[in-house]
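First comes the structure, then the notes that go with it.
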Amino acid sequence: MSTRQTALLLLLVLVLIGSGWFMYRQDGSQQQATVSATGHDSFVNGMDLQVMDVNGQLKYHVMADSMLHFPQQERLELERPVIDLSREDGTAWHITSERGQTTSSGDRIWLLGQVDINRPATGRAGSLRIRTSDLLVRPDQELAETDSAASITAERYRIDATGLKADFGSSQLQLRSRVRSTFHGAG
């Protein structure tokens, strides 16, 4: 065997050994993909969901920094969710919270932790801010409710109560108990 053939044979053996070692390292570093019985099976970063009515007009908009899907509980977890409800008359409601959960169908959204609800001023109504916690929102029905303390602030008044039911469609708020109010001077 010539020196050239020996060098080629040695190079071929080194390539085979190197390939085998590389394949062995690849198999050892790969983890088996399994779905946990209690964990999430999918996630979305920068979730943005727009729901339209039968006429193709925006009914409501749900955004979140991230969303995790838990198939065993048929629930979604939302990180820093935002819900925007827009009415044909120009009234808009902007709802934010620290975190949230919803059913897979999205018909109910539980906003957990601190919740802020803002209604910007329109031609017929002034701005309004509601601060509460642990709010259940039914976006299709434009309803929300909580048993927690709620504080409603507008230009000329502040109302504190325990328990709140909001009908965003009619812009009506129902306070359940321990209602206290402070009115500022008429202008």
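Observations on the model:
- Here Gln57 meets the list (1) closer than 27 Å to Ser170 by Cβ; (2) touching a Ser or Thr at 6+ places or on another chain (Cβ under 7 Å); (3) not acidic (Asp, Glu) almost entirely, failing just condition (2).
- For region 69-99, taking the residues that are at pLDDT below 90 and either among the acidic types (Asp, Glu) or outside the structural domain of Leu143 (by TED's automatic domain parsing) (or both), the one that is farthest from the chain's Cα centre (by Cα) is identified as Asp89.
- Scanning region 169-187 for residues that are surrounded by 15 or more Cβ atoms within 10 Å (Cβ to Cβ) and at pLDDT 90 or above yields Leu173, Leu175.
- Residues of region 41-69 classified as part of a loop (DSSP other than H, G, I, E, B) and either among the aromatic types (Phe, Trp, Tyr) or touching a His at 6+ places or on another chain (Cβ under 8 Å) (or both), total: 1
- Per-region count, region 170-183, residues out of contact with any Ser or Thr (no Cβ under 9 Å at 6 or more places or on another chain) and either hydroxyl-bearing (Ser, Thr, Tyr) or within 19 Å of His94 (Cβ to Cβ) (or both): 5
- Taking the listed residues Asp116, Asp147, Asp140, the one that is surrounded by 12 or more Cβ atoms within 10 Å (Cβ to Cβ), out of contact with any Pro (no Cβ under 9 Å at 6 or more places or on another chain) and farther than 30 Å from Val54 by Cα is Asp147, with no other qualifying.
- Evaluation of Ala125 against (1) modelled with pLDDT under 90; (2) closer than 22 Å to Val44 by Cα; (3) among the aliphatic types (A, V, I, L, M) (one fails), failing number: (2)
- Boolean, Thr102 is of a type in the set (Val, Ile, Thr), surrounded by 17 or more Cβ atoms within 10 Å (Cβ to Cβ) and either over 18 Å from Met63 (Cα atoms) or not assigned by TED's automatic domain parsing to the domain that holds Lys59 (or both): no
The values are calculated or read from the model by the stated rules, or taken from the named source; none is laboratory data. Predicted model, so just to flag it, every value in this text is computed and none were measured. We place every Cβ from the backbone using ideal geometry, glycine too, and count neighbours over all the protein chains shown.
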